[in-house]
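Just so it is clear, none of the values below were taken in a lab; they were calculated from the coordinates. From a predicted model like this one, the values you see are computed outputs, not experimental measurements. Heads up, the Cβs are rebuilt from the backbone with ideal geometry, glycines too, and the neighbour counts pull from every protein chain shown.
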Amino acid sequence: MERDRKIVICISGFAATGKSTLGRKLAKKFKLKYVSGGDALKILAKKKGYKIGGRDWWESSEGIKFLEERKANPEFDKLVDQELLKYAQAGNAVIDSWILPWLYEGGFKIWLKASEEVRAKRLMKRSRISLEEAYKILKKRDEESAEIYRKLYGVEIGKDYSPFHLILDTDRLNAESVYRIVSQAVKEYFKIK
């Protein structure tokens with residue numbers, strides 16, 4: 001791969017669609033830096049004194065408390081978005097972010113979608129919680145995040161797909177299938193041999 005080209009892959013989608021799993025695999029395959037909007041938010045939480053940890057931290061009482069604080073102060077998201085934009089502008093990165101595809105002009109942009117049922121089952125398995133709890137968490141997280149981005153940027157997450165080059169329904173695909181499909185699309189888009 002030509003290293004002087006700025007390869008930027010933006011992956012977006014609601015919670016539990018497979019963004020971080022795909023992002024890490026693509027970053028490894030194409031030797032790019034992997035950056036997660038969720039991880040950036042966790043760094044802010046840590047700076048504010050929260051004890052962060054693990055993939056299921058967002059479903060913990062600490063994670064839920066931080067999300068409440070985040071909802072009350074949209075400046076958290078602006079700070080994270082500015083940092084993610086810096087990574088995108090530097091290039092050679094895979095960035096997992098709910099909002100970056102609308103804020104960054106370049107790159108290859110992917111929207112991962114999945115039904116609420118599939119997402120809830122994934123979250124239940126990942127966080128070892130009940131299916132009912134997973135549905136509640138997803139509904140709350142989706143609505144609150146969509147509202148934050150609507151207020152901050154006027155973007156309708158989950159309704160406006162205009163920035164995306166690829167929209168992939170992951171309901172009937174496992175992580176490896178999603179990776180193979182997207183990997184091929186990335187090769188074609190950036191003309192990587």
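Do any trypsin sites (Lys or Arg not before Pro) in the range 34-95 lie in a loop, going by DSSP, with at most 15 other beta-carbon atoms within 10 Å of their beta carbon, and if so which? Display every interim value, and only then the final one.
On the way: sites: LYS42, LYS46, LYS47, LYS48, LYS51, ARG55, LYS65, ARG70, LYS71, LYS78, LYS86; in loops: LYS48, LYS51, ARG55.
Here the trypsin sites (Lys or Arg not before Pro) that fit, given the DSSP loop and packing criteria, are LYS48, LYS51, ARG55.
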Full extension from ASP171 to GLU68: what is 0.36 nm times the residue separation minus their Cα-Cα distance, to one decimal in nm? 34.1 nm
Which one of CYS10, PHE30, SER97 is farthest out on the positive end of the charge dipole of the chain, using unit charges on Cβ (Lys, Arg +1; Asp, Glu -1) and the Cα centre as origin? PHE30
As a quick test, which of the pairs LYS121/LYS151; LYS31/LYS187; LYS19/LYS125; LYS65/LYS113 have an alpha carbon distance above 21 angstrom in this structure? LYS121/LYS151; LYS65/LYS113
Using alpha-carbon coordinates, inclination of helix 61-72 to the longest axis of the chain, degrees: 80 degrees
proj_area_mean for the range 46-140 (convex hull on C-alpha atoms), units nm², value 7.2 nm²
Let me check the size of the range 106-193 from its C-alpha atoms; what are the radius of gyration and Dmax in Å? 15.4, 45
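Hand me the trypsin sites (Lys or Arg not before Pro) from the range 120-171 located in a DSSP loop with no more than 11 other Cβ atoms within 10 Å, in residue order please. Don't skip to the end; give the middle numbers.
Details: sites: LYS121, ARG122, LYS125, ARG126, ARG128, LYS136, LYS139, LYS140, ARG141, ARG150, LYS151, LYS159; in loops: ARG128, LYS159.
Sites meeting the loop and neighbour criteria: ARG128, LYS159.
Can you give the net charge of the other residues whose Cβ lies under 9 Å from the Cβ of ASP96, counting K and R as +1 and D and E as -1?
Its environment carries a net charge of +1.
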Please compute the modelled spin-label separation between LYS78 and GLU143, points set 7 Å along Cα→Cβ, answer in nm with one decimal. 2.6 nm
How far apart, in nanometres, would the label points at TYR161 and ALA90 be if each is projected 7 angstrom from Cα along the Cα-to-Cβ direction? 3.2 nm
So, in Å, what gap is there between the alpha-carbon centers of the range 63-107 and the range 15-55? 11 Å
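So if the hydrodynamic radius of the range 1-103 is defined as the Kirkwood radius over C-alpha pairs, what does Stokes-Einstein give as its diffusion coefficient at 20 °C and 1.002 mPa s, in µm² per second? Write out the running numbers ahead of the final one.
Numbers: Rh = 14.3 Å.
Answer, rounded: 149 µm²/s.
Give me D for the chain in µm² s⁻¹, whole number, from Stokes-Einstein with Rh from the Kirkwood sum over alpha-carbon pairs, 4 °C and 1.567 mPa s.
Working: Rh = 17.0 Å.
The estimated diffusion coefficient comes to 76 µm²/s.
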Within the range 46-87, backbone nitrogen closer than 14 Å to the virtual label 7 Å beyond the Cα of LYS28 toward Cβ: none
